[in-house]
Amino acid sequence: MTALARRLEATLASRSDRQMLRALDPNPPPSSTLVDFSSNDYLSLSRSPILRKKLLDELNKPSTPLFGPPSSRLLDGNSPLHASLEHRLASFFCAPSALLFNSGFDANSGLWSCLPAPDDWIVFDELVHASIHDGMRASRVPKERRRAFKHNDVKALERLLREIVEQDEGVRDGTKSVWVGIETLYSMDGDLVPLKEVAEVVQRVLVAGNGHLVVDEAHSTGLYGPNGRGLVCALGLANRVTVRVHTFGKAMAASGAAVLASPLIRNYLINYARPLIYSTTMTHLSALAVHKSLELLEEGGSEEPAANVHSLASLLISRLSAVLPPTSSVSLPQELVALASSSSISPHPLTSPIIPLLTPTPRPLSAFLRQKGFLVRPITYPTVPKGQERVRVCLHAGNAREEVEGLVRAVEEWVKREERERGEGRSAVAPSPRSPPEALQAKL
C-alpha cells in the first residue's frame, strides 16, 4: 500500500470510528415508499403535473434546443436561451441584472472569492453555508479581516461593525468596504434572519455607504415574498442589498443559481468569477427547466403550495411542543416554538419548512423513524457544531396533515421508549446540555 493510500484509509477509518463517515448507496432504489420529510423540494414541484406539462410542451417544439451548449459561457455557451433567462430572472426578482451559475455553491464561492478587495473587511453570520466559507477563504482578504458574529445576533453584528469602524480609518472615510454575508433561511436551524434589522445596522454604522449586504436566498426562494420572490422582496429591501443569490435546486425543482446585482458587479463577475469563467455553461435542458419553474412562479403557482408548507410547519411545531416533555432527549429550538406561536404582524410567514429535532442520538432516531415509514436524515458534526446534533425534518406542500400527525406519533413513541429505558438504566445516551457552537465546516 502506498503512503497516499495509507493516509486516506486512516483518515476515513478515523471518521468512521467517530460515526462521521459519509457514503453513497451504490444501488439506490428507483423510488421510495417512505414519506419524504428529507428533501428540499419544499413546493413539491418535482412532482407537479402542471410543471411537467409545461416543460414537455416546450421540449416537443422542433425549434427547442435540447443538448449543449458544450462550452464555457464566455466562449460559445452564451445562447439566447441563457440571456433571456437572465433578463426574466432580473425582472421577476426586482433586480437590475442577473448572472447564471451552475449551482449555488459556484455562485457563492465565485462572488466571495473575487468581489472583496485585499484591504476590505468581511463580516459574516457564524452559520453561513460552506460555499460562502470556501469563497471567503479563496478571497484576497486575509484571515484577520474576516470576522464572524453570533448567529442572528444583530447587537453582536453592530458591535463588530463599530469595532471595525473605530479600528480602520479607510472604513471611516469610505475608501474601504465592509462585506456582510448572511442567509435569509438557515438550512440546518430553520430560522429566518432578522433582515430588516441587519440592513438598518449596516446602514447606520457604515455611514459612508461602504457596507455591502450579500444575501443568500437559497432556501427562501419560492416560500416568501410575492409569488415566491424571497425575503428581500417580501420586506421591500431590494435597493438596500448589494448582491443576492437565488438557487433553483430547492423549491424550484431544477438546478443552477443566479447572482442578482448591479450591471457593474455583473460585468466584474464575468471577468473574475472563476467558477463561471472556467466551467461549461448550464445546459439548455437545465435552462429550460428553470424557465418553466419561473413561469409557474410568475403565474402565482407557488402561493397555495407555500401557504400549505407554512400551515404544516405550524401544525408540526404545535403538536411536537404538546407531546415532548421538558426532560425529553428530543427537543425543538425554542426560537422556532416562539415564532410559530407568535401573534406579531409580519409581511411574511414566520414559520419555515425546516424543523430540527435536537437530540444526542440522531442516527438511532432517524433509523427508528425510517422503520415507521418516514424519511428523515441525521445531521451530525461537522455539518452542525458538536452538541447540536439533530434530525432534520423538511416539510413539503405535498405532505398530508395525516403524515405530519404520523411523524409526531412516531417521535412521541421514541421519546416514551427512551424514557422507559432510561428509568430501567438501559439508555445508552442520556440528554446532555447543548454545548456552545463551534465553527461550521460544511452544511447542506
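Observations on the structure shown:
- What separates the Cα centres of segment 68-95 and segment 137-179 is a distance of 34 Å.
- Taking 7 Å steps out from each Cα toward its Cβ at Glu166 and Glu419 produces label points 5.0 nm apart.
- For Lys386, the lysines whose Cα comes closer than 19 Å to its Cα, not counting residues fewer than 8 places off in the same chain, are Lys150, Lys443.
- Taking label positions 7 Å along the Cα-Cβ direction at both Leu12 and Tyr268, the computed distance is 4.2 nm, reported to one decimal.
- Rounded to whole Hz, the Karplus (6.51, -1.76, 1.60) HN-Hα couplings of segment 141-156, x for glycine and proline: 7, x, 4, 5, 9, 10, 10, 9, 10, 4, 3, 6, 9, 5, 5, 5
- Here the Karplus curve 6.51 cos²θ - 1.76 cosθ + 1.60, taken at θ = phi - 60°, turns the phi angles of segment 254-259 into couplings of 10, 8, x, 7, 9, 9 Hz, with x standing for Gly and Pro.
- For the chain, projected area of the alpha-carbon convex hull averaged over all directions, nm²: 24.2
- For Asp125, the residues 5 or more places off, or on other chains, whose built amide H falls under 5 Å of its own are Phe149, Gly181.
- Helix-only CD estimate at 222 nm, as mean residue ellipticity for the chain, using -39500 (n - 2.57) per DSSP H run (n ≥ 4): -12500 deg cm²/dmol
- Nearest-0.05 FRET efficiency for Thr175 and Ser39, computed from C-beta distance (R0 51 Å): 0.65
- Order of Tyr42, Tyr186, Tyr381 under a 10 Å beta carbon neighbour criterion, fewest first: Tyr381, Tyr186, Tyr42
- Put in order of Cβ neighbour count within 10 Å, fewest first, the listed residues Ile379, Ile122 become Ile379, Ile122.
- Segment 354-406 shape via C-alpha gyration tensor axes, a/c threshold 1.5: prolate
- Here segment 10-28 is scanned for amide nitrogen atoms under 16 Å from the site 7 Å beyond the Cα of Ala367 along Cα-to-Cβ, giving 16-23.
- Exposure proxy for Trp414, Trp121: other Cβ atoms within 10 Å of each Cβ, ordered fewest to most, give Trp414, Trp121.
- The P(r) of segment 1-118 has a tail past 24 Å containing 61 percent of all C-alpha pairs.
- When the pairs Lys61/Lys250; Lys176/Lys292; Lys155/Lys416 are compared against a 32 Å limit on Cα-Cα distance, Lys176/Lys292; Lys155/Lys416 fall above it.
- Scaling the Cα radius of gyration of segment 69-298 by the globular reference 2.2 N^0.38 Å produces a ratio of 0.98.
- Centroid-to-centroid separation of segment 410-425 and segment 105-126 [C-alpha atoms, Å]: 46
- Around the amide H of Val393, modelled in the peptide plane, lie the amide H atoms of Ile355, Leu357, all under 5 Å away and 5 or more residues distant in sequence or on another chain.
- Remark: segment 186-196, residue by residue, has Karplus-estimated 3J(HN,Hα) of 7, 6, 9, 9, x, 10, 8, 6, x, 4, 4 Hz, where x stands for each Gly or Pro and the curve is 6.51 cos²θ - 1.76 cosθ + 1.60 at θ = phi - 60°.
- Each Lys and Arg adds +1 at its Cβ and each Asp and Glu adds -1 at its Cβ; summed about the Cα centre, the chain shows a dipole of about 780 debye.
Just so you know, all these numbers are worked out from the coordinates, no wet-lab data involved. Predicted model only: the values in this text are computed from it and were never measured. Positions of Cβ are generated from backbone atoms using ideal geometry, with glycine treated the same way; all protein chains shown enter the neighbour counts.
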